Each structure stands twice: as C-alpha cells, then as structure tokens.
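Some notes on the structure that comes next.
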Amino acid sequence: MQFPRIFSSTTPSAIRTGTTASLLALGLCASSQAGAAPAEEGSSWGLGLAAFSEQPAYAGIDRDTTALPLIYFENKYVRVFGPGAEFKVYGVDLGAGQRLDFRLVAQYDGSEYKGSDAPILSGMAERKAGFWAGGKVKWETGVANVSAGWLADVSGNSKGALFNVAVEKNWRAGEHVMLTPRIGATWADKKYVDYYYGVRASEARAGRPAYTGKSGVNAEVGLRATYLFNAHQSMFLDLGVSRLAKPIKDSPLVDRSTENRVGLGYLYRF
C-alpha cells in the first residue's frame, strides 16, 4: 500500500493497498509528457494504457496487478492525468533556468482492503478508498526538481494527512530515452497509519493483538525510464522500492519492511 501521490513530476510513493495505478499514474505524468509542447502554448491531451504491479506489506497478501486506461489533459490552468488533477495557482520564472510553481491537488486513491484479501485480514472491518486534496510547491533548480506537498483525506475515511518531500533529476540518453531517478520521503499522521495498519479491540484475535498506529515516515527510491517514439507516442517503465516506517512495520498485519512496485505504460498525445 502506498501513500497517495502528491506530486506529478517529482513523485515518491510510500504506502498503499489495492490498485497501484491510482498513485503511479500521477507520478508518471511528467515522463509521459516528455517532449510535449509547453502547455502555455495551448491545450494538449492524450490517451493510453498502463499496467502496475505491487507487493503490499500485509502478511500473506498476493501481489496486486492492475491495468487501467490513461487520460491526459493539460492547459495553462489545469493538468489532469489518471485519477487526479492539478490546478495551477501561481508560477514564476526565477531566472538562470529556475522556476517555482504552486498548485492545488485533488485525486482519488484506491487504498483499501477487505477481510477476504488475506488470512491476516480475516475478521477485520473493511478499509475504504477515498478522495484526497491539498497543495504542493515545485522548485525547478536547473539541476534537479524539488517538491513538497500536503494532502488530506477529504472523503473522511481515514481522516488522515500526508506530507511529502522529493527530489528527482531528468537525464537524456540519446534522442529517444529519458531516465529520471528519484528519492523522497512521506510522513503520514497517526490517523492514516492507524486506519490502514491498526487493529481495533473488536478485531483482535490470537496472533493479531490490538494495535494503535502512530505517525511515521516512509522513504522511497525509484527510477522512471521513458522512451519517446516521436512527438506523439511514448512508453514508460517505473520502478520503486519503499522502506516502511517503524509504526507500520510493527503492525501485526505486516510481515515485511519494504514494498516494491513496477509500472509499464503507453501514451498517445494528440
């Protein structure tokens, strides 16, 4: 399970159950758009398909693989990609190849589980997916892109909040290939961790004691590779590994200290 992604260009992930697509789609937005005309020159849109595979941290849970269509639209006011949207509040060029952007973010996150998903979850109340909203700031330094952002669960399921910082760097390898390594960290408050990893007193049983989640920080490293066939077509491959925060690793529902995920997709931009 990954945290909902706050960023669409420098985008680490951390925790999630269910479909990885709703998180990685936003994270891959920048690479999928590589080579596009600047949005300020007009509107652009595209369609594609992506598949994502992730191994959640819950004990005994199967690897989750999901396919979904990709829908992309961008102009100087908004960017929509996958299950999320960014509203461009303010941007300023700082000179010397630097730029600062402030945006509002809204997205759907598919984090959820049912008691039937794994033996360790049997008898647990369902944890639901929901909608998240917040803001982010992105600083293009000319050397790397630095982002920071905050999201809150506006659906009211977890009632949680997340804060994320990330750094990524784009490297061109010839005319068609772009490589983007990234590193980041996401802080989740205790409400979020307790909702997805806590065990209520009514859910406790032998081998699954009651557990109250606390806030914690997940760290991630990842690499995104984009192949640009031409100005309209591109493919991406995204790899990521997250090290889980101690309050998550200590949960009786969890039997691993890391999560890994792979995403592969194609986008045609009209």
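Conditions tested, residue by residue: (1) under 22 Å from residue 184 (Cβ atoms); (2) assigned to a loop (DSSP other than H, G, I, E, B); (3) among the hydrophobic types (A, V, I, L, M, F, W, C).
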residue	(1), (2), (3)
49	no, no, yes
65	no, no, no
90	no, no, no
123	no, yes, no
**Item:** Among (1) at pLDDT below 95; (2) touching a helix residue (DSSP H, G or I) at 6+ places or on another chain (Cβ under 9 Å) - the single one residue 206 does not satisfy
**Value:** (2)
**Message:** Condition first: open to solvent by less than 20 Å² (accessible area, probe 1.4 Å) and not in a strand (DSSP E or B). Now tell me which residues in region 99-121 satisfy that.
**Reply:** 110, 111, 118, 121
**Request:** Check off (1) among the hydrophobic types (A, V, I, L, M, F, W, C); (2) open to solvent by 10 Å² or more (accessible area, probe 1.4 Å); (3) in contact (Cβ under 8 Å) with a residue 12 or more places away in the chain; (4) under 23 Å from residue 59 (Cα atoms) for residue 188 and give me the number that stays unchecked.
**Result:** (2)
**Fill in**
A careful count of residues in region 196-231 that are open to solvent by less than 80 Å² (accessible area, probe 1.4 Å), without any contact (Cβ under 8 Å) to a residue 40 or more places away in the chain and farther than 23 Å from residue 111 by Cα gives 1
**Request:** Could you tell me which of the residues 193, 254, 241, 262 is on the phi < 0 side of the Ramachandran plot, surrounded by fewer than 16 Cβ atoms within 10 Å (Cβ to Cβ) and of a type in the set (Val, Ile, Thr)?
**Result:** 241
**Request:** Pull up region 52-63, narrow it to residues that are in a strand (DSSP E or B) and touching a helix residue (DSSP H, G or I) at 6+ places or on another chain (Cβ under 7 Å), then point me to the one that is farthest from residue 153 (Cα to Cα).
**Result:** 52
**Prompt:** Are any residues in region 125-154 closer than 22 Å to residue 185 by Cα, in contact (Cβ under 8 Å) with a residue 60 or more places away in the chain and open to solvent by 20 Å² or more (accessible area, probe 1.4 Å), and if so, which ones?
**Reply:** 138, 145, 146, 150
**Request:** Only residues that are modelled with pLDDT of 95 or more, over 14 Å from the mean Cα position of the chain (by Cα) and farther than 12 Å from residue 226 by Cβ: list them for region 170-193, please.
**Result:** 181, 189, 190, 191, 192, 193
**Prompt:** Which residues, taken from region 67-86, are over 15 Å from residue 136 (Cβ atoms) and either free of Cβ contacts under 8 Å to residues at least 12 places away in the same chain or crowded, with 19+ Cβ neighbours inside 10 Å (or both)?
**Reply:** 68, 70, 72, 74, 77, 80, 82, 83
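The values are calculated or read from the model by the stated rules, or taken from the named source; none is laboratory data. It should be emphasised that the depicted structure is a prediction, and the values quoted were computed from it without experimental measurement. So basically every Cβ, Gly included, is an ideal-geometry build from the backbone, and we count neighbours across all protein chains shown. Accessible surface areas use protein heavy atoms only, side chains included; no ligands, DNA or RNA. Shrake-Rupley method; radii C 1.70, N 1.55, O 1.52, S 1.80 Å.
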